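Some notes on the structure that comes next.
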Amino acid sequence: MTRLPPARAHRAAARRPRVAVAAAALALLVPAMLTAQQRPPYPTEPPPPAPLTPAQFPPFQQATLANGLKLVVVESHDQPVLSLSLAMPAGSAYDPAGKEGLAAMVAGLLDKGAGQRTAEEIAATIEGVGGTLGAGAGADFLTARASVLSNDADLAFTLLGDVVLRPTFPEQEVELARTQTLSGLQLELSQPASLAERFFDANLYGQHPYARHPTPESIRAITRDDLVAYQRARLRPQGALLVVAGDISLADARQRAERIFGGWTGTAPEGAAFPTPPQRTRTEIVLVHRPGSVQSNIVVGNTTFGPASPLRPASNVANQVLGGGSDSRLFMILREQKGWTYGAYSSFARPLGVGAFQASAEVRTAVTDSALREMLTQLRRLRSEPVPAMELEAAKGSLIGSFPLTVETAAQIAGAVSNALLYGLGTDYLHDYRTNLAAVTAADVAKVAQTAIRPDSALIVVVGDATKLYDQLQAIAPVRLVNAQGDPLTPADLTPKASSVTLDPRRLAVGSDSFVVMLQGKPFGYQTSVTARAPDGGYTVTETTVLGPVGTQHTTLTFTDRLAMRRVEQSGTMQGQAMKTDVAYANGKATGTAATPQPPTGQVQTVAVSADVPAGAIDDNAVVALLPTLPWTADAKLTLPVFAAGSNALQMQTFAVTGTEPVTVPLGTFPAYRVEVTGGQAPVTYWIEQAAPHRVLKIAPAGAPITVERAR
């Protein structure tokens, strides 16, 4: 190798960067010097897509244990993870009448004590290895699941066996589950979307079990003995399916399954034959009156085919075109073009029995009829007009492209395989899913729309303020009017008249009361009140409410000797915001100011109060104090004019006794009237002692996991 002298080497090195810079500059200049004819042509269209191949699923390996338990293994050693899914025909469709919610409670309690472990020990054990364990109940099946690293396979099988075969249903956990379920139901029943779904299912399915939903009464009726009996009767190996996905072989999974589940025996009893849902020959609207609602929840739909129908791929594409996402027709037209809603969607439900199609939207009250007409128009359009090629390909592309995201993990694979086999879709369903979608044509979409979407014989449920909707909707289809409890109403019921009621001052007990505020079953705050006679013969009620760290409120109510309202003075803070109300009642008017939290934001706003109020009207802050003075009986239904200072509005609130039941509060257990209140800003339930002086025992505002319970 020839070495340059140091000086020459230095000069050569100095020249190199200049040569590189010049070459780079020349490379940039040459394209600019070429004429348009000399430049290489740029592509004007995207390249064609690569051929679509079936999903690459490991083969399903199947075996059946001697006790009838079916085992499916989806073996993959790409990652050291393992997921188990054990499904049994024990879903909510098998709930006994009057005990709806039983299957869901059983599922929720399986891991709250099983074998030799308590709920805390089960949680610590599975979380200690970074795994998960749980169970849930759908309409048809109850499924228990476990996921772990594959070297913890023994633990996963053991825990799954314990929770399914040997749950202990501790009484304390049962009552906690009941409290949590009731709290969740309270919130659910206050939400218009949930009401719409419940009324849609009930009217669509009729006497079929798919029509039923849990109620507070059904949850209270469930006993520990019911839970034990359901688990023993329905959680059986015959008809059960165990899917194991991940880093395990069939031989290994079978050996573990036989060790854990081999002694499990029996067959679940045959359920009664499910009745056929009603068939509609014309469109019907069920209007659920929700007084004061500023929006309407619309659900439109009909019964359809079951899960294994050959129309399934085309129905997936049709739904994607119509309402499957934010680029679908319903969303783009009702939201983007019209500005009527935050979103509008559609879906197909495909349980084992009768399936259902539905389209839904939440819209402003003022445009409810327009939105419903447009939804029906879009349903008819999908039936009568071929879907344009570009729209069809976009819908198929969205479904095909998103599918791999639904089967990425071992848990997702186990769930997908379990569903495919439980619902009779066959072992090739997942493998062929994308190619079947790709083969759907515009004619297929039209065919499934004409078969499964029937706008001219649809069930329509609308939840909203019927005083503003009834006449609008009658112009679209016959309307059946009900309240939120499902009781029939007439148009005259929409404008209730005040009951002729005289308050009884003798039942306004002078003295002090106290209540504890419970949040999800735990103490969160308190309320105290003192009732005293005023020097002029009237009454004064002073209340103090403390809601943990959220806020405090001090209220003073003054009445005449006949309990006519005189004044309401209130001050306090709510989430750091100051509140102050001062309203006087005189000469048929309410005047003053009210600074109170306003829905839906909760921000405190000051309202100038000036309104005419009829004789006998009471302030909404005085309702609890005056409830004992009303004439309570087992069939009482009283409508009272209640003035809400925070909104400067008079409301006709109805207080209806819906049942009698014992209620337990910190003070003790008492026979009580259950009183449902409607017509206010949100529904409220009161429990009022049956015996005079009819003390208020418990208060449960709808939509909040809070109760107020008498402590003294």
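Odds and ends about this structure:
- Angle between the chain longest axis and helix 389-402 axis [Cα atoms, degrees, rounded to 10]: 90 degrees
- Mean Cα-pair separation over length for the stretch 563-637, i.e. relative contact order, pairs under 8 Å, 6 or more apart, %: 23 percent
- Centre-to-centre, using Cα atoms only, the stretch 583-652 and the stretch 302-373 are separated by 41 Å.
- Segment SER326-THR435, length gained on full extension (0.36 nm per residue, minus Cα span): 36.8 nm
- Helix-only mean residue ellipticity at 222 nm for the chain, each DSSP H run of n ≥ 4 adding -39500 (n - 2.57), per residue, nearest 500: -9500 deg cm²/dmol
- Rounded to the nearest 10 square angstrom, TRP340 shows an accessible area of 40 square angstrom against a 1.4 Å probe.
- Antiparallel content of DSSP bridges confined to the chain, in %, to 5: 90 percent
- Sparsely packed GluC sites (Glu not before Pro) within the stretch 216-276, loop by DSSP, other Cβ within 10 Å at most 12: GLU270
- Considering only THR53, MET88, LEU227, and ranking their Cα positions along the charge dipole of the chain that arises from unit charges at the beta-carbon of Lys, Arg, Asp and Glu, the one farthest toward the positive end is THR53.
- FRET efficiency, ARG506 to GLN412 (Cβ-Cβ, R0 51 Å, nearest 0.05): 0.15
- Other residues whose C-beta falls under 14 angstrom from the C-beta of ARG254 contribute a net charge of 0, scoring Lys and Arg +1 and Asp and Glu -1.
- Computed log₁₀ I(q)/I(0) - Debye formula, equal Cα scatterers, no solvent, the stretch 362-485, q 0.09, 0.16, 0.22 Å⁻¹: -0.45, -0.95, -1.17
- Accessible surface of the stretch 93-172, 1.4 Å probe, proportion on carbon and sulfur as whole %: 51 percent
- Accessible area of the stretch 468-627 belonging to carbon and sulfur atoms, whole % at 1.4 Å probe: 52 percent
- About the centre of its Cα atoms, the chain shows a dipole size close to 1760 debye [charges on the beta carbon of Lys, Arg (+1) and Asp, Glu (-1) only; nearest 20 debye].
- Angle of helix 224-234 to the longest C-alpha principal axis of the chain, folded into 0 to 90 degrees and rounded to 10: 30°.
- The calculated FRET efficiency for ALA251 paired with ALA123, based on their beta-carbon distance and R0 = 30 Å, is about 0.45.
- Computed from the C-beta positions of ALA272 and GLN62, the FRET efficiency with R₀ = 25 Å rounds to 0.20.
- Accessible-area value, TYR429, 1.4 Å probe, nucleic acids and ligands omitted, Å²: 50 Å²
- The slack in the chain from THR542 to LEU52, taken as 0.36 nm per residue of separation less the alpha-carbon distance, amounts to 169.0 nm.
- The C-alpha atoms of the chain define a longest principal axis, and helix 410-422 lies at about 80 degrees to it.
- Probe 1.4 Å - accessible area at ARG480, Å² to nearest ten: 90 Å²
- When the stretch 574-712 is reduced to its Cα atoms, the Kirkwood hydrodynamic radius in Å: 16.2 Å
- Computed lengthening from LYS447 to SER76, 0.36 nm per intervening residue step minus Cα-Cα distance: 129.6 nm
- Pair LEU519, GLU175: separation of 7 Å Cα→Cβ label points (nm): 2.2 nm
- Within the accessible area of the stretch 655-709, the carbon and sulfur atoms contribute 57%, probe 1.4 Å, all protein chains present.
- The residues of the stretch 120-173 expose on average 41 square angstrom of accessible surface per residue, using a 1.4 Å probe on protein heavy atoms.
- Rolling a 1.4 angstrom probe over the protein heavy atoms with all chains in place gives the stretch 384-502 an accessible area of 48 Å² per residue.
The values are calculated or read from the model by the stated rules, or taken from the named source; none is laboratory data. This structure is a prediction, so every number in the text was calculated from the model and none was measured. Methodologically, a virtual Cβ is constructed for each residue, glycine included, from the backbone with ideal geometry; neighbour enumeration extends over all protein chains shown. We work out accessible area using only protein heavy atoms, side chains counted, and drop any ligands, DNA or RNA first. Shrake-Rupley method; radii C 1.70, N 1.55, O 1.52, S 1.80 Å.
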